[in-house]
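Some notes on the structure that comes next.
The values are calculated or read from the model by the stated rules, or taken from the named source; none is laboratory data. Keep in mind that this is a model prediction, so the values were computed, not measured. All Cβ positions, glycine included, derive from the backbone under ideal geometry; neighbour counts span all protein chains shown. Just so you know, the surface numbers come from the protein's heavy atoms only, side chains and all, with ligands and any DNA or RNA stripped out. Shrake-Rupley method; radii C 1.70, N 1.55, O 1.52, S 1.80 Å.
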Amino acid sequence: MSHNDLEQLRTQLDNINLQLLELINKRAETVQQIGQIKYKQGMKVFDPIREREMLNQLVEHNNGPFDNKTIEHLFKEIFKACLELQEVDHRKALLVSRKKKPEDTIIDIKGEKIGNGKTHFVMGPCAVESYEQVAEVAKAVKQKGIKLLRGGAFKPRTSPYDFQGLGLEGLQILRQIADEYDLAVVSEIVNPAHIENAIEYVDVIQIGARNMQNFELLKAAGDVDKPVLLKRGLSATISEFINAAEYIFSRGNGNIILCERGIRTYEKATRNTLDISAVPILKQETHLPVMVDVTHSTGRRDLLVPMAKAALAVGADGVMAEVHPDPAVALSDSAQQMDIQTFNDFMDELDRYVISHS
Ligand code: PEP
Ligand code: MN
């Protein structure tokens, strides 16, 4: 073979490459057109039966030198790339995304408009322990002009031997006190079957970190007309968190508040690591209000004020923290709940911060 022959074959190869390139792109364009039609008809883009038929047809016409397996493999790659193209064209923007809805969602909870650009607080004990305990906190909360009273009636505890909460009785206590002080109740529900009963007593259904991916619970919360405060899972990515909110939204309940509550890392100085960057990311990616729970994210009373300031500085719509008349004897989270005096100081400090930065 002369040098000239080699050159000629190389030129031929270059031309074949260019022809293949053109054909592959032509195929891609045709696939995109099919994708448009399927999208309009609500059909799935991937059709395994059709793909099998196309592969069979190619194998039938295959005269070599490639064997059938290789042909199948090569075309499968082309099919896959074309399919990806269809999916990119029609990737549905999530309902909770800014892409879908650029304006901020504002959630009205008994006149408190979460997401309106003002700072909102959710305060109350970790767990409802008694009427007197909640009432004392509610009084202090009310005095500070706060509307949202929290308290756990169903407590998801790490140990089954720890206080599990008062259950329905706890919700009844919260409701009674909230009505007496004209407050709104935020309380965690852990069981999809409890939702229907619970909505009589709560103004906001809280879904806790441990249940962020309890999809049946998310669906049940999505089926009712009651705002939901969804907390980020202990080791959930931001994308998983957003998808959890999408579960609720996609069932028809768009009143969702996202709550960053710290994630599990190797750091032991704090109970969890407050992922402060999650706040602006969630604000950018979704149209939902975002709050920060400074109690569970830090597990340290001395960090509540600085972390709350950080949350507000990065654009959080609200701050959650736990308050107990006598934290030392609290049945849960005694190390980090604020007593009433500490709570008053916390609020004074934050009010000053908000005023000086507005
Ligand atoms: C709570 O807020 O009461 C609680 C249990 O928090 P988390 O689900 O974030 O641990
Ligand atoms: Mn707690």
Worksheet item: Which members of the stretch 143-160 meet the condition of being part of a loop (DSSP other than H, G, I, E, B) and away from ligand 1 (no atom under 15 Å from the Cβ)?
Response: Lys144, Gly145, Ile146, Lys147, Pro160
Fill in: the stretch 328-340, subset more than 18 Å from Thr273 (Cα to Cα) and open to solvent by 10 Å² or more (accessible area, probe 1.4 Å), residue farthest from ligand 2 (Cβ to nearest atom)
Ile340
Worksheet item: Just wondering, is there one or more residues in the stretch 106-122 that are among the hydrophobic types (A, V, I, L, M, F, W, C), within 19 Å of Leu331 (Cβ to Cβ) and within 14 Å of ligand 1 (Cβ to nearest atom)?
Response: no
Discussion item. Given the condition more than 13 Å from ligand 1 (Cβ to nearest atom), out of contact with any helix residue (DSSP H, G or I) (no Cβ under 7 Å at 6 or more places or on another chain) and within 16 Å of Ser235 (Cα to Cα), answer yes or no: does some residue in the stretch 257-266 qualify?
Written reply: yes
Worksheet item: Does Glu53 fit the bill of being of a type in the set (D, E, K, R) and out of contact with any strand residue (DSSP E or B) (no Cβ under 7 Å at 6 or more places or on another chain)?
Response: yes
Item to complete: Only residues in the stretch 1-29 that are over 20 Å from Ile78 (Cβ atoms) count as the first member; pair them with residues that are among the hydroxyl-bearing types (Ser, Thr, Tyr), Cβ under 7 angstrom, at least 6 apart or cross-chain, and list the lot.
Response: none
Worksheet item: What number of residues within the stretch 44-103 satisfy the criterion of being touching a residue at least 40 places away in the same chain (Cβ under 8 Å), exposed (fewer than 11 other Cβ atoms within 10 Å of the Cβ) and among the hydrophobic types (A, V, I, L, M, F, W, C)?
Response: 0
Discussion item. Going residue by residue through the stretch 112-120, is there one that turns out to be aliphatic (A, V, I, L, M), within 16 Å of ligand 2 (Cβ to nearest atom) and touching a residue at least 24 places away in the same chain (Cβ under 8 Å)?
Written reply: no
Worksheet item: Identify, please: which residue in the stretch 290-308 is out of contact with any Lys or Arg (no Cβ under 8 Å at 6 or more places or on another chain) and within 20 Å of Ile263 (Cβ to Cβ) and is, among those, farthest from ligand 2 (Cβ to nearest atom)?
Response: Pro306
Item to complete: Sort out which residues of the stretch 211-226 are crowded, with 23+ Cβ neighbours inside 10 Å and either more than 14 Å from Asn191 (Cα to Cα) or touching a residue at least 40 places away in the same chain (Cβ under 8 Å) (or both), and write them in order of number.
Response: Asn211
Fill in: the stretch 161-187, residues that are of a type outside the set (Asp, Glu) and assigned to a loop (DSSP other than H, G, I, E, B)
Tyr161, Phe163, Gln164, Gly165, Leu166, Gly167, Leu183
Worksheet entry | Top-ranked residue of the stretch 151-206 - restricted to ones that are among the basic types (Lys, Arg) and open to solvent by less than 50 Å² (accessible area, probe 1.4 Å), ranked as farthest from ligand 2 (Cβ to nearest atom) | Arg175
Worksheet entry | Elements of type helices (runs of 4 or more DSSP H) contained in the stretch 235-319, each with 3 or more residues being open to solvent by 20 Å² or more (accessible area, probe 1.4 Å) and of a type in the set (Asp, Glu) | none
Practice prompt. Could you please let me know if Ala140 is open to solvent by less than 40 Å² (accessible area, probe 1.4 Å), at pLDDT 95 or above and either in a helix (DSSP H, G or I) or under 21 Å from Arg261 (Cα atoms) (or both)?
Written response: yes
Discussion item. Going residue by residue through the stretch 237-246, is there one that turns out to be touching a Pro at 6+ places or on another chain (Cβ under 9 Å) and under 30 Å from Asn197 (Cα atoms)?
Written reply: no
